[in-house]
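Let me begin by presenting the structure, written as structure tokens, before commenting on it.
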Number of protein chains: 2
Amino acid sequence: MKQAAKVMTLADIARLAGVSESTASRALRDNPVINAQTRQKVQQIAADHQFKVNATARSLRTQKSHTIAVIILFDAKTQQAISDPFLLDILGVIADELTAKGYDMLLSTSKTTDKDWRSYYFDSKRADGLIVIGQGEHDARVDQLAAAGVPFVVWGATTGTEPYPVIGSDNRQGAQQAVAHLVKQGCQRIAFLGDIRHTEIEMRYLGYQDALQAANIKAEPALQLNTDFTAQAGYLQTQQALFSQLSSLDGIFAASDAIAMGAMKALLEHGIKVPQQVAIVGFDDIAMSAYCTPSLTTVKQDTHAGGQLLVAQLLSRINGGKAASQLLPVKLVDRQSSLRNST
Amino acid sequence: MKQAAKVMTLADIARLAGVSESTASRALRDNPVINAQTRQKVQQIAADHQFKVNATARSLRTQKSHTIAVIILFDAKTQQAISDPFLLDILGVIADELTAKGYDMLLSTSKTTDKDWRSYYFDSKRADGLIVIGQGEHDARVDQLAAAGVPFVVWGATTGTEPYPVIGSDNRQGAQQAVAHLVKQGCQRIAFLGDIRHTEIEMRYLGYQDALQAANIKAEPALQLNTDFTAQAGYLQTQQALFSQLSSLDGIFAASDAIAMGAMKALLEHGIKVPQQVAIVGFDDIAMSAYCTPSLTTVKQDTHAGGQLLVAQLLSRINGGKAASQLLPVKLVDRQSSLRNST
DNA sequence: AAGCACACTGCAATCGATTGCAATAGATCA
DNA sequence: TGATCTATTGCAATCGATTGCAGTGTGCTT
């Protein structure tokens, strides 16, 4: 068998079928002006020879790459590789969704030090549009994208004033629910672990304040501790800040499940009972949250809807339509880490 | 400001600089035959106008995409989206590594039902090479790749006979260490949770048997339970199989940390003490393993070295060299879930 | 002064597919 | 029979950058 002869080109197929390249091209794309028989014959020959259209040539000619660049932003400080389980979740959904729509996905983990990805991905025609995940601390590059008219959507927090579409969870609502739940469990002094310099986390902090205010509890600024998204950060922050400075703490609201698990670990290690002495609620509902001990009460983000919406909005924008920002509802999931009067 | 005028092409830059396209092209690529002054001038003009080479046109002409497709294989059954934290880890490393080497990364999550990605990614010139993660249950498509002469590397388990390069952890060694450790802690009846139809897991099972044999313990086939990679699977399997059928179980070796955590949850819920009554060891050392309670003893895979090696081998292969299979050493990390005589 | 090497630069072909427009042939109509 | 359609097909330009090869001009050699 003459395995892997030589890569076939459209010209080869056309020659074999005894037609011109134009006809071959049209036949392969199911263009109806081509005679049905001719079309079939060409397609048959193409299939027999495993012919695949050269994506590069097509892109050049059609000026469409059929590729979306997904950019995961990082913190200037931590510079950690993708590792938040939540990111992976949404990434998976986006990947599936893009595939279903016939798009390829170019993945980039952008250290903040990188040069600008607008020109890299868009101007150079590598991608037809961008999905940016995690605004983080407000990134000027996102504004530039908008100004340059690049089709893109952002996963993150919306203030309602951004000149670009943002899809994200209703962080404030979710946090408010979470903290109200803690209050209902009898918590009076609740710490907030999360870096409010991230817009999303800032929203969660506002929700935290909303809930406290509604319960007539004064928010103590000292109870808000900037903490990175990792379990390690939650652990260390709890050890260092919470133990040394604060007593009578009876609740913790963490800005991510990872932070919450780290904090829980620190508490348990020191013999503090969860939830009896300190109740904990996280945010995200990653897969592991149901399986730690005690299992973690958390605010579930709808990653499935999020991913779908990101893709749908972006493609609509690319195809000449409009893309709108949208806030996704979240849902509190009660588990053991916060339930004091459970059965 | 006449923002975003029109996308510049090489021809535009050449005209502005008063040189031919050839000269402009050479100048931008720092070709030394071009006079230094000319080169500078062209580069200056290009920079002023934010000119970016059209990647598509370049690819077409040079026949190189400078893109690597990373394919994540899934189980025929579970069909779950990327979610194993371990995958995310290694994916992050690969992304960074490829970026550093000037390659783009096309990510694909391949459901087993998908058509073949050889033609899609390689024949169509979308990528110069492939990285396949997770052979899973031996996939015939991987063999086809090899037969077709496509440059690619696989992350997984090597039997030493594959006709393609495989990079992976020394699963057998790692498992052997883990189980030997359990035996040393006094365990006599140790369950194995993991799906041995996956080659990597099969290797871990062999290591498990090695350790038992070395300790003169007979391996009971009934103690091996096929379990998917998730915490949920570990939880359910433990509830359903281990509780109902087996008594006097005193150790569990799980094929992944997620499984281990699920199993641990099930045990703790039933009032079984870990590690006193049942000691547990996992595999991977994902970030969360250190922060669950009790923290999880596990076998650490060197994702960093793995990702680097995958990329290095693949690029070497693409550039005409050879790529070789390699087994990476692993390391047992002692934590609370298995230490019975700890301080 | 003629010959020649050297340093640049530009012409034109090329990568592979797509598409506007023209061309052909057979069919239909008056 | 001649004119007008209609259904198909092909010609040739085009997308934007790269590169082999030929061309030009300057300076140096003898």
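The values are calculated or read from the model by the stated rules, or taken from the named source; none is laboratory data. Quantities reported herein were computed from a predicted structural model and do not represent experimental measurements. Here the Cβ positions follow ideal geometry from the backbone for every residue, glycine too, while neighbour counts run over all protein chains shown. Note: accessible area is taken over every heavy atom of the protein model, side chains too, but ligands, DNA and RNA are not part of it. Shrake-Rupley method; radii C 1.70, N 1.55, O 1.52, S 1.80 Å.
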When residues of the range B:34-57 are filtered for being more than 8 Å from chain A (Cβ to nearest Cβ) and surrounded by fewer than 20 Cβ atoms within 10 Å (Cβ to Cβ), how many remain?
-> 11
Do any helices (runs of 4 or more DSSP H) entirely within the range A:1-78 hold 1 or more residues that are in contact with a Leu (Cβ under 7 Å, 6 or more places away or on another chain) and at pLDDT 95 or above, and if so, which?
-> A:21-28, A:36-48, A:55-62
Pairing a residue in the range A:6-33 that is within 14 Å of chain B (Cβ to nearest Cβ) and open to solvent by 40 Å² or more (accessible area, probe 1.4 Å) with any residue that is in a helix (DSSP H, G or I) and within 10 Å of DNA strand D (Cβ to nearest atom), where Cβ atoms lie under 7 Å and the two sit 6 or more apart in sequence or on different chains, gives A:10/A:21; A:10/A:24; A:10/A:25; A:28/A:42
Which one of B:153, B:142 is in contact with a Leu (Cβ under 8 Å, 6 or more places away or on another chain) and not assigned by TED's automatic domain parsing to the domain that holds residue B:285?
-> B:153
Pick from the range A:225-246 the residues that are at pLDDT 90 or above and open to solvent by less than 30 Å² (accessible area, probe 1.4 Å): which of them is nearest to residue A:271 (Cα to Cα)?
-> A:238
Helices (runs of 4 or more DSSP H) contained entirely in the range A:225-343, each with at least 2 residues that are in contact (Cβ under 8 Å) with a residue 60 or more places away in the chain and farther than 30 Å from residue A:128 by Cβ = A:257-269
Residue pairs meeting the criteria (Cβ under 6 Å; at least 6 apart or on separate chains; first at the interface with chain A (Cβ under 7 Å from one of its Cβ atoms) and under 16 Å from residue B:285 (Cα atoms), in the range B:87-107; second open to solvent by 10 Å² or more (accessible area, probe 1.4 Å) and of a type outside the set (Ser, Thr, Tyr)) | B:92/A:81; B:93/B:304
State which residue is most open to solvent (accessible area, probe 1.4 Å) when the search covers only the range B:203-224 and only residues that are in a helix (DSSP H, G or I) and small (Gly, Ala, Ser).
-> B:214
In this structure, is residue A:175 touching a residue at least 40 places away in the same chain (Cβ under 8 Å), within 17 Å of the chain's Cα centre (by Cα) and away from chain B (no Cβ under 14 Å)?
-> no
Evaluate the range A:315-327: report whether one residue or more is open to solvent by less than 50 Å² (accessible area, probe 1.4 Å), within 21 Å of residue A:204 (Cα to Cα) and hydrophobic (A, V, I, L, M, F, W, C).
-> no
